Amino acid sequence: MITDTDILIGPESTILDGLKQLTETKKKHLIVVDGDNVFQGIVTDGDIRRSLVAVGDLQLPIRDVMNREPVVVNEQAREHDIRRVLTARMSIVPVVDKNSRYRGYYSFHRERFMDPARNRSVTIIGMGYVGLTLGVVLADSGFRVHGYDVNDRLVDQLRETKCPFYEKGLQKYLSQHANKNLKFTSELGKALSDVYIITVGTPLVKDTSEPNISYLESALTDIGKSLQVGNLIILRSTVPIHTSRQIAIPLLERESGLKCGRDFMLSFAPERTAEGQALKELLYNPQIIGAYDPSSYAVTAGLFNTFTSTIIDVGSLEAAELCKLIDNTFRDHLFAYTNNLVPLADKLGLDLTDIIDAINLGYHRNAVPKPSPGVGGPCLTKDPHILGKAFTEFGLGSELLLNVRRVNEVGPEFLFNKLNALLESAGKQLDTCKKIVLVGLAFKGCPETSDMRESTSLWFLDKFPKRDNIHAYDPVVENEDIASLGITPIGQDEIFSNADAVVILNNHKQYETWDLSEKLGQMNTPAVVLDGWNIFPSHYFKRHPGIFYGGMGHG
């Protein structure tokens, strides 16, 4: 605890006095106490600047701009209590006695809670989208990082500084840190560390719609065999509620002979980034942490605080597990609301996209999403089922969650039926078309990613009885990955050339730059354009004879 008095100021002092004191002491905070040394509040340089902008009065008393209800601790506060409170953003915490008299303060930077975290070596289990992006950010923050994966080919690729998938900015980080403070291995014995972060996949088992946690159990077993006193394990994979406490801890204790909370630490810190902008979001998104005990929380918070400023303690492992499931399931509900309106708009002959633009415009309570060809991806297709299982285990109905998921899964079938109807209007048949082009195979286009896992585009592709007339283009998916689907990869300039139908299946920003006035003339008319994301105005196609247009919710 620091007891310096140069940080103290009276409530009747002016903000000019405060500015002078901050300048002289080179501090960013002042603690406000009255004549009896009773704590009144905290004033920061930011508080003073904002008051000057708003009022412009240097003689304004400090009491008018100070924070009267900051976080404080009492004299009996234990060290781990202080660690739970201090962060890079809440960098000063006053200490008061039972009579609210000021006794001193703790400083985030003075106590140097970050240093023990940064000095720890970290092993990340699983070099997929979640693990690799976290690994390069930790390496860039000064950690010694081991990236572990059972896939030898993937490990070799990473050692050669080749990105296994597209993520904006990833190549720069990988080139800078690979084989230096970020090393890759397929042998866990060569990656022993102070901290283990598990980011392995938990994909749904198709027949049961339950997550496959075998990869997680295998990782925990392997870590347990090498676990040392003082190690921290952070679970980051999406899991059913109670997995951390009822599966992870018993496995680690059984394999190691150590006791959680006494010999090693454990927390659950859900990944909350969006593919395509993960590197940016790792730095700015608030990080939720649920820990087994205060020590586990303190070290986990210290680690994440090295690169992100906002840490949220949700109080328990189970709360953090539920946070992850709520995040994605809520977003699934949002998209389903609009997608459920698509058939109605079609029947009414109304343009759903225009309607949504109208009701969102200038109306702050609304953020209704645009219609889409369904919602896929590795997270939103899985998490509602995991959350639904928790409802079922407690005898609660999960109909809402599962019905929402069904709404977002029928989009490809709706789009496929619409394609058939438009081809029929054009006097063509699916099986006689020589060239049908699918545009956008990744599960989303904005922010861009090359990830095709659980992509609604592939669900749409599965509807076709044959694939020899199917061509495809994606701005970031590699041609060899497209060819592996049994279809023909083509370049951007070939999309419309002699095509009987072009179907836009994701929302990559590149499509908005297309000049259709020339491209539509290249098609094998009569021809079909099916815009699954309503990227182009529907009225535009009326200017082009022989083009049969369709969208989601366009009538």
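The values are calculated or read from the model by the stated rules, or taken from the named source; none is laboratory data. Everything numeric here is computed off the predicted structure, so don't read it as measured data. Neighbour counts run over all protein chains shown; Cβ positions are idealised from the backbone, glycine included.
Per-structure values
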{"quantity": "Scope segment 310-324; condition at pLDDT 95 or above, closer than 17 Å to Ser295 by Cα and small (Gly, Ala, Ser); matching residues", "calculated": "Ser316, Ala320"}
{"quantity": "Residue in segment 259-266 that is surrounded by fewer than 21 Cβ atoms within 10 Å (Cβ to Cβ), touching a Ser or Thr at 6+ places or on another chain (Cβ under 7 Å), touching a residue at least 24 places away in the same chain (Cβ under 8 Å) and in the same structural domain as Tyr166 (by TED's automatic domain parsing) present", "calculated": "no"}
{"quantity": "Residues of segment 388-409 classified as hydrophobic (A, V, I, L, M, F, W, C) and over 21 Å from Asn339 (Cα atoms), total", "calculated": "4"}
{"quantity": "Filter pass, Gly411 being closer than 30 Å to Ala345 by Cβ, touching a residue at least 40 places away in the same chain (Cβ under 8 Å), among the small types (Gly, Ala, Ser) and crowded, with 18+ Cβ neighbours inside 10 Å", "calculated": "yes"}
{"quantity": "Flag for Glu217 being in a helix (DSSP H, G or I) and within 27 Å of Glu454 (Cα to Cα)", "calculated": "yes"}
{"quantity": "Total residues in segment 168-197, condition out of contact with any Ser or Thr (no Cβ under 6 Å at 6 or more places or on another chain) and surrounded by 15 or more Cβ atoms within 10 Å (Cβ to Cβ)", "calculated": "13"}
{"quantity": "Residue list for segment 1-45, filter: acidic (Asp, Glu) and either more than 16 Å from Met66 (Cβ to Cβ) or surrounded by 14 or more Cβ atoms within 10 Å (Cβ to Cβ) (or both)", "calculated": "Asp4, Asp6, Asp17, Glu24, Asp34, Asp36, Asp45"}
{"quantity": "Exclusive hit being within 23 Å of Gly142 (Cβ to Cβ), polar (S, T, N, Q) and at pLDDT 95 or above, set Gln228, Gln171, Gln246", "calculated": "Gln171"}
{"quantity": "Options Val200, Val155, Val229: the member that is in the same structural domain as Leu279 (by TED's automatic domain parsing), out of contact with any helix residue (DSSP H, G or I) (no Cβ under 6 Å at 6 or more places or on another chain) and assigned to a loop (DSSP other than H, G, I, E, B)", "calculated": "Val229"}
{"quantity": "Test: residue in segment 501-519 that is buried (at least 19 other Cβ atoms within 10 Å of the Cβ), at positive phi and within 29 Å of the chain's Cα centre (by Cα)", "calculated": "no"}
{"quantity": "Hits in segment 234-279 (condition: over 15 Å from Pro378 (Cα atoms), part of a helix (DSSP H, G or I) and small (Gly, Ala, Ser))", "calculated": "Ser244, Ala248, Ser256"}
{"quantity": "Near pairs, Cβ below 9 angstrom, 6+ apart or cross-chain, from segment 346-369 (over 18 Å from Gly553 (Cα atoms)) to any residue that is among the β-branched types (Val, Ile, Thr)", "calculated": "Asn366/Ile356; Asn366/Ile359"}
{"quantity": "Sole residue being outside any helix (DSSP H, G or I) and surrounded by 22 or more Cβ atoms within 10 Å (Cβ to Cβ), chosen from Gly315, Gly374, Gly395", "calculated": "Gly374"}
{"quantity": "Residues located in segment 326-371, provided they are more than 18 Å from Asn507 (Cβ to Cβ), in a loop (DSSP other than H, G, I, E, B) and charged (D, E, K, R)", "calculated": "Arg365"}
{"quantity": "Scan of segment 344-360 for residues that are touching a His at 6+ places or on another chain (Cβ under 9 Å) and polar (S, T, N, Q), ordered by number", "calculated": "Thr353"}
{"quantity": "Scan of segment 282-312 for residues that are out of contact with any helix residue (DSSP H, G or I) (no Cβ under 7 Å at 6 or more places or on another chain) and crowded, with 18+ Cβ neighbours inside 10 Å, ordered by number", "calculated": "Ser296, Thr300, Ala301, Phe304"}
